[in-house]
Structures are given as C-alpha cells and as structure tokens.
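One structure is given below, encoded as structure tokens.
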Amino acid sequence: MPEQKTTRIYMVRHGATQLSVEDRFAGAVDVHLSDEGKFQAAQLAERLADDSIVAVYCSPMTRTIQAATIIASPHDVPAIHRNGLREIHHGHWEGMRRVDVHQGLLGMLVFR
C-alpha cells in the first residue's frame, strides 16, 4: 500500500498594526506591522519552526509580507505574494474607526 501523505494548510492573519490597535478598517490601506505585530509573527515562527513548511503565501500588502517573511524564515522559503489573498476594500470605511462607522450607521437609521 502506498504511503499516505498529508498536506496541512495553516491560515494565518497578519499581526497587529497601528491601525488595528486603533480599531480602524484597513483592508486596502498598506500599513506596516507594529512592533507588537512583528513580535506576534516571531512567536508564531518559533511555534512552527519544527513543522515541515514548504511554501508560504501572502497578499502583496506590506503587513502580510512582513508577517509571512518572519514566519517563513526558519524554513528558508520565500514569502510568495498573491493578489487573490488581498483583504477586501472597505470603501468609505477605509481608515475609519469601527466606533465611528457604527455611530454613522446608527445616525442614518435614526434620521430616515
């Protein structure tokens, strides 16, 4: 009987950014990881260091490239950028704080 091979896929979200700390929408905003986000990625890289990782894919956004590069480093593989992995664009909400969006939506409901 042939040996069965298992493929394991890890789905990882990038670490913290300054915008995420401020609870702002940042789907299409190209923002860097904060120091905390870099630390989070390094912690995950350490956790996965003994796993057999042969490929790391990320969106072309700076924050995801930074996280993917840190996580891929122990495995000596590059972070491969794919446009199809980009986050959604939040339209008018881009860069806005979540509380401000909620207040704006509530205001629209009250006055209509």
* Asked: Restricting attention to region 70-112, and to residues there that are part of a loop (DSSP other than H, G, I, E, B) and touching a Phe, Trp or Tyr at 6+ places or on another chain (Cβ under 7 Å), which single residue is modelled with the highest pLDDT?
  -> Arg82
* Take region 39-81 and flag every residue that is of a type outside the set (Val, Ile, Thr), under 12 Å from the mean Cα position of the chain (by Cα) and crowded, with 17+ Cβ neighbours inside 10 Å. => Gln40, Ala41, Cys58, Ser59, Met61, Arg63, Gln66, Ala67, Ala68
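For region 53-64, indicate whether the set of residues that are small (Gly, Ala, Ser), on the phi < 0 side of the Ramachandran plot and at pLDDT below 95 is non-empty.
No, region 53-64 contains no residue that is small (Gly, Ala, Ser), on the phi < 0 side of the Ramachandran plot and at pLDDT below 95.
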* Among the residues of region 50-69, which ones are within 13 Å of Tyr10 (Cα to Cα), part of a loop (DSSP other than H, G, I, E, B) and of a type in the set (A, V, I, L, M)? -> Ile53, Val54, Ala55
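The values are calculated or read from the model by the stated rules, or taken from the named source; none is laboratory data. Bear in mind that the values here come from a model prediction, so they are computed numbers and not experimental data. As a convention, Cβ positions derive from the backbone with ideal geometry for all residues, glycine included, and neighbour counts pool all protein chains shown.
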